[in-house]
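Okay, structure first, notes after.
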Amino acid sequence: YEYVATLDSRTSPICQRLDGQKFDYNNGPTPPQHFNCRSTTVPVVDFDGLQKKYPNLEKPPATQFDTRPSATGRVPQGTAYGDWLYSQRIGKFKPSEIQIETLGSVEKAAFFNRLAAKAGSGQTAIRQIVRNDGQKRSLAYLRDKYGKPSDIITDTARKAVAATPKPTPTPKPEPKRKPITGSTAVASETLEKYLQDSYETTVQQFVDDSLDGLEAVGGRNKTNTKKLRKFMDKSRLFNNLNLRGDTLNTNKLFERVVVQNRAAFDASLNTTEKFVDKFSTNYQDALMKAKMKLQVKSLRAKSLASSRFRDDFEGYFRPAGGGNDGYTSILGTNVQTQVRTGSSRITKANALKIKEKTNELLKQNKAYADYWKKGDYSAPSPKREFFVTGENVGEDLEWITTMIHEIGHQVHFKGSGADVLGNKYRKLGGMKYVTGYSRKNPRELFAESFTCYVLDPDGLQDIAPRLYTWVEETLDNALKLL
């Protein structure tokens with residue numbers, strides 16, 4: 001389904017951000033997101049896919065519903081909120097009245113127009129000034145990050161600068177980097193440089209080097225990261241880090257995952273098949289076992305060239321679509337993480353920064369929980385952080401939080417499959433939910449807790465001992481079963 005917001009100045013920031021995004025049924029945010037929410041959802045039907053299965057099925061003709069209403073008249077159906085708002089500007093960058101009313105100030109509207117021009121997308125700009133949890137970023141944050149609106153260099157300005165002849169600089173010898181302990185030395189900090197040779201080996205090297213950085217913190221961080229690595233090895237899990245430029249190209253993803261990396265793809269199916277053989281004989285587990293074995297058999301039997309195999313692939317290994325998205329297929333132990341341009345490997349210094357920020361998040365959310373538990377509402381409520389993501393650790397490092405979250409789903413399924421937190425842990429006390437998103441369901445509670453277990457284990461043990469024990473016991477059980 002597609003999330004659909006109202007295109008006018010009264011739409012809330014969270015709905016502005018969600019507008020136009022597509023989600024699997026029962027697996028994404030739905031209205032109402034707040035009091036008096038006017039957003040809705042519409043079904044998304046893959047007629048091209050249906051026509052492959054039912055050749056006689058006719059695609060409905062285009063109608064007046066190929067446009068959508070807005071406060072300024074009808075616009076094309078695919079126009080997202082941010083793109084509609086960007087189209088309301090005056091000239092190149094001057095804010096209009098409706099932009100100022102929507103965003104709250106002339107300066108913030110100016111930031112929005114500049115960011116939209118730079119990205120070539122108003123919706124991308126909305127996601128830069130509205131956080132994942134729907135909170136508006138402050139002007140102080142935007143000034144600190146970008147300076148003045150006029151400091152933001154758009155593509156047009158960048159091309160003009162690039163066209164200006166420059167004197168050839170005298171080349172300086174590149175400084176030698178010291179290798180990270182326990183890993184192969186590399187000449188760069190960002191993923192793009194790792195990809196200069198071949199994708200499969202360099203992505204794994206990028207991940208391995210980053211896990212070295214997490215281990216270098218020592219203590220529980222080292223112990224828990226080693227256990228994470230052991231789980232990745234035993235489950236034959238393999239990673240896809242999708243750069244923004246190729247995230248939405250399923251053909252590239254298919255080539256990368258299945259054709260070039262066929263051995264790893266087959267190994268992941270074998271691992272899943274052996275694991276489900278260990279399911280208990282109770283009715284629910286037996287149904288799950290039969291379903292998963294049938295799906296594995298279906299994937300293995302299909303020709304790589306067949307359209308049916310491609311349909312199955314797109315269903316199980318669909319690319320991430322948002323700014324900080326991830327996806328994991330329990331069927332094939334494949335983990336995908338969307339990676340921003342400029343994403344950095346995790347050094348020890350970066351790992352310490354992530355640990356500090358994760359600890360701040362845990363303390364902030366504990367203060368939020370304590371406030372509502374106490375019942376004294378005379379003071380303002382503390383802020384609640386919604387995700388363990390780059391909103392806290394920085395956009396260049398957010399990929400590691402997303403990847404670990406998705407691996408957490410794998411651990412949960414392989415280690416217990418339980419949808420409830422065992423009663424035996426309640427006596428340990430502590431916080432019940434580490435983030436706002438963890439309240440969604442027990443699976444997300446586990447994945448968010450697992451992320452904290454790897455990134456700030458000391459903080460999780462101190463603030464939420466019941467969750468720490470739940471995660472650790474589930475991970476240990478998964479390692480025994482695999």
**Study point:** Karplus-derived HN-Hα couplings along the stretch 130-136 (A = 6.51, B = -1.76, C = 1.60, θ = phi - 60°), whole Hz, x at Gly and Pro
**Key:** 10, 6, 4, 8, x, 7, 5
Study note, to complete from the structure: Diffing the stretch 398-407: the Karplus 3J(HN,Hα) column from phi (6.51, -1.76, 1.60, θ = phi - 60°), in whole Hz with x for Gly and Pro, holds 5, 4, 5, 5, 5, 4, 5, 4, 5, 5
Revision key, fill the gap. Going fewest to most other Cβ atoms within 10 Å around each Cβ, ASP66, ASP208 line up as ASP66, ASP208
Exercise for review: Give me ILE404, ILE153, ILE14 ranked fewest to most by other Cβ atoms within 10 Å of their Cβ, as a rough exposure proxy.
Suggested key: ILE153, ILE14, ILE404
**Study point:** Footprinting exposure proxy for ARG17, ARG127, ARG229 (fewest neighbouring C-beta atoms within 10 Å first)
**Key:** ARG229, ARG127, ARG17
Revision key, fill the gap. Sorted by chain and number, the residues with a modelled amide H under 5 Å from that of VAL130, at a separation of 5 or more or across chains, are ARG137
Review point. If amide H atoms are built 1.01 Å from N in the plane of the peptide, which residues on other chains or at least 5 residues away come under 5 Å of the amide H of THR67?
Key: GLN77
Point to revise | Projected area, mean over directions - the stretch 2-157, Cα convex hull, nm² | key: 11.2 nm²
Practice item. Report ³J(HN,Hα) in whole Hz for each residue of the stretch 108-114, in order, from the Karplus equation J = 6.51 cos²θ - 1.76 cosθ + 1.60 where θ = phi - 60°; Gly and Pro get x. Key: 5, 5, 5, 4, 4, 5, 5
Practice item. Grab the Cα-Cα distance for ARG439 and LEU352, subtract it from 0.36 nm times how many residues apart they are, and report the gain in nm with one decimal. Key: 28.6 nm
Practice item. For ILE346, list long-range residues whose amide hydrogen, built 1.01 Å from N in the peptide plane, is under 5 Å from its own amide hydrogen. Key: SER210
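Readers should treat all values here as calculations from the given coordinates under stated rules, not as data from a laboratory. Please read these numbers as outputs of a predicted model, since none were measured by experiment. Because the Cβ atoms are built from the backbone with ideal geometry, glycine has one as well, and the counts that use them run over all protein chains shown.
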